[in-house]
Each structure stands twice: as structure tokens, then as C-alpha cells.
Amino acid sequence: MATWTPKFIVGATVTLNTGGGPVMSVKVVPSEKGRSYYCQWFAGKKLDLGDFKEEQLIAVDPKAPLPPPENENK
């Protein structure tokens, strides 16, 4: 049986692959393929936590500037 290796490690900086989501830190890495990563992020001053499948996440360069939200007035 093939061993599964997670794509992200604890502390990795990620966002949703659909775009427009918050920049998050991976808090818990799943132990099996198909399980969720638990990520945390700040919404203003509030710390939020959510679970996401690996295919929903992409890595983000933590030093790169964020693009403006799509719904922002131009």
C-alpha cells in the first residue's frame, strides 16, 4: 500500500484555490488522505478556524502582497 504524504505542513501559509479567501496558517495536518486540514486566520481581530480538504488549498508566499478583493471598487 502506498504511503500518503501531506502537501502542506503545520505552519504553512495557504489560501483557498478559488481565490478571494483569507490567508491562513495550517494548524493541524491530516493523518490520512481525504481528511481535512485545520487552518486558522484572523478576520479583523477575531481568530477563526476552519477545516478544508487538500484540494481546496494552495500555498501562498507569506511575504507577497495580497491582490485586492474582486468586489473592491476600482
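The values are calculated or read from the model by the stated rules, or taken from the named source; none is laboratory data. Since this is a predicted model, take the numbers as computed values, not measurements. All Cβ positions, glycine included, derive from the backbone under ideal geometry; neighbour counts span all protein chains shown. Heavy atoms of the whole protein, side chains included, go into the accessibility calculation; ligands, DNA and RNA do not. Shrake-Rupley method; radii C 1.70, N 1.55, O 1.52, S 1.80 Å.
Here are the numbers for the structure shown:
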quantity: Yes/no for Ser36 being at pLDDT 85 or above and open to solvent by 70 Å² or more (accessible area, probe 1.4 Å); calculated: no
quantity: Which numbered condition Val14 misses (of (1) surrounded by 11 or more Cβ atoms within 10 Å (Cβ to Cβ); (2) free of Cβ contacts under 8 Å to residues at least 40 places away in the same chain; (3) not in a loop (DSSP other than H, G, I, E, B)); calculated: (2)
quantity: In segment 17-53, the residues that are within 12 Å of the chain's Cα centre (by Cα), assigned to a strand (DSSP E or B) and of a type in the set (Lys, Arg); calculated: Lys27
quantity: Cross-chain or 6+ apart pairs with Cβ under 9 Å, segment 38-59 first and without any contact (Cβ under 8 Å) to a residue 12 or more places away in the chain and over 12 Å from Phe8 (Cα atoms), then exposed (fewer than 11 other Cβ atoms within 10 Å of the Cβ) and among the hydrophobic types (A, V, I, L, M, F, W, C); calculated: none
quantity: Leading residue by the ranking (nearest to Thr3 (Cα to Cα)) among those in segment 39-74 that are modelled with pLDDT of 90 or more and of a type in the set (Asp, Glu); calculated: Glu54
